[in-house]
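The values are calculated or read from the model by the stated rules, or taken from the named source; none is laboratory data. The model shown is predicted, which means the values in this text are computed figures rather than measured ones. Positions of Cβ are generated from backbone atoms using ideal geometry, with glycine treated the same way; all protein chains shown enter the neighbour counts.
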Amino acid sequence: MKKYFVGITTIFMILLAIPSIHVSADDVDYSVQAIIPDNQIDKKQGYFDLKMQPKMKQRLQIKVFNSSNHEITIKQNVTYASTNKSGMIDYSNKPLKEADKSLEVPLPTIAKISDDTIKIPASSTSSISVDIEMPEQSFDGMILGAVEFTQVSEKNTEKKESGLSIENEYSYIVGVKLSETTKKITPNLNLLDVKAGLNNYRTSVSAVLQNDQPVILDNLSVDAKVYKKGEKKVLHKAAKSDLKMAPNSNFPYAIDWENQPLEPGTYVLKLSANNGDQDWNFTKEFKIGDNAKDLNKKAVDVEKNYLWWWIIGGAIAAILLFLIIWIILRRKKKKNNED
């Protein structure tokens, strides 16, 4: 039975934390363009930055250009903005159940796309529409998301001798930012949880950070240190800057365990963060449980702890030495008795 692996190349540019659509790539057969409406706040931008009102209904138009000499298939999704584990805003398609609990109105719940999939003839143009219906209740801040376009091209399918095939997909992102008022919203950072796990298959501890406000939290610097409970020595630490969080989102800020095995016990995390205007400081006690053994087995490049082997080996050596001395003394005593 053949196995299929999907390699996804996402092509986008970030401008004011919103993905642009003005992108070019030699091996991509298509491009997209947003048709900017009259209620666009900044008409210089290529993404949707719209001034909305409660209960307002609006249809957005996006053109899709096929620049190739063959028919192509494009699928599209409406997505909500999240924050990935690298601390950057992510517009790729994700299940709504993974959204942060503070996100009251994810874009996919108020924006519906006209066609999930379209076929575009060679050297032709098609368009898709996105119907938006705003909630009844007015809100401050922003609703942030995107329309994701993905090409699935049979000509890029490479079949290998092993029977595996790799299907390449190319994605464009058209940002959608909706706001109703100009009230300034202040971002807020929370520490939701601290837990041991694997980051890129390496042992780590993650501090789950949350921005619970409907505004982008940018220029974020984070400094985290982990201690064994009751001790002052820093076991592991991680400092990063220029992080950016989507509105009403969370992400796991990883503290690398430096290829050391995770050891069960009680630890303390001390984490400080700032965005140039605000400071946050957290101290949280957490435990690494019995699942550490399984995590260490799954981790790559983890340094093995040979302490118990040394203890067992030392005990065996001590017993052998004791037996040798006992045997020598016994033989000596026997010989003396014979004399």
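Report every pair of residues separated by at least 6 positions or lying on different chains whose Cβ atoms are under 6 Å apart, first residue within the stretch 277-295 and in the same structural domain as ASP223 (by TED's automatic domain parsing), second loosely packed, with under 13 Cβ neighbours inside 10 Å and among the polar types (S, T, N, Q).
LYS287/THR266
Which of the residues that make up the stretch 200-225 are under 14 Å from the mean Cα position of the chain (by Cα), buried (at least 17 other Cβ atoms within 10 Å of the Cβ) and either of a type outside the set (A, V, I, L, M, F, W, C) or over 15 Å from SER82 (Cβ atoms) (or both)?
Of everything in the stretch 200-225, those that are under 14 Å from the mean Cα position of the chain (by Cα), buried (at least 17 other Cβ atoms within 10 Å of the Cβ) and either of a type outside the set (A, V, I, L, M, F, W, C) or over 15 Å from SER82 (Cβ atoms) (or both) turn out to be SER206, ALA207, GLN210.
Which of the numbered conditions does ILE288 fail, given that it passes all the others? Conditions: (1) modelled with pLDDT under 85; (2) surrounded by 10 or more Cβ atoms within 10 Å (Cβ to Cβ).
Of (1) modelled with pLDDT under 85; (2) surrounded by 10 or more Cβ atoms within 10 Å (Cβ to Cβ), only one is false for ILE288: (1).
Residues that are more than 28 Å from LYS101 (Cα to Cα) and surrounded by fewer than 17 Cβ atoms within 10 Å (Cβ to Cβ): does the stretch 268-275 have at least one?
Scanning the stretch 268-275 turns up no residue that is more than 28 Å from LYS101 (Cα to Cα) and surrounded by fewer than 17 Cβ atoms within 10 Å (Cβ to Cβ).
Please give the strands (runs of 3 or more DSSP E) falling wholly within the stretch 1-84 in which 2 or more residues are at pLDDT 95 or above and among the charged types (D, E, K, R).
Correct list: 48-51, 57-66.
For the stretch 200-231, which residues satisfy the criterion of being of a type in the set (Lys, Arg) and modelled with pLDDT of 95 or more?
LYS225, LYS228, LYS229
Pick from GLY87, GLY141, GLY145: which is touching a Leu at 6+ places or on another chain (Cβ under 9 Å), in a loop (DSSP other than H, G, I, E, B) and either of a type in the set (A, V, I, L, M) or in contact (Cβ under 8 Å) with a residue 40 or more places away in the chain (or both)?
GLY87
If a residue has to be in contact with an Asp or Glu (Cβ under 7 Å, 6 or more places away or on another chain), touching a residue at least 24 places away in the same chain (Cβ under 8 Å) and surrounded by 14 or more Cβ atoms within 10 Å (Cβ to Cβ) to count, how many in the stretch 226-250 make the cut?
5
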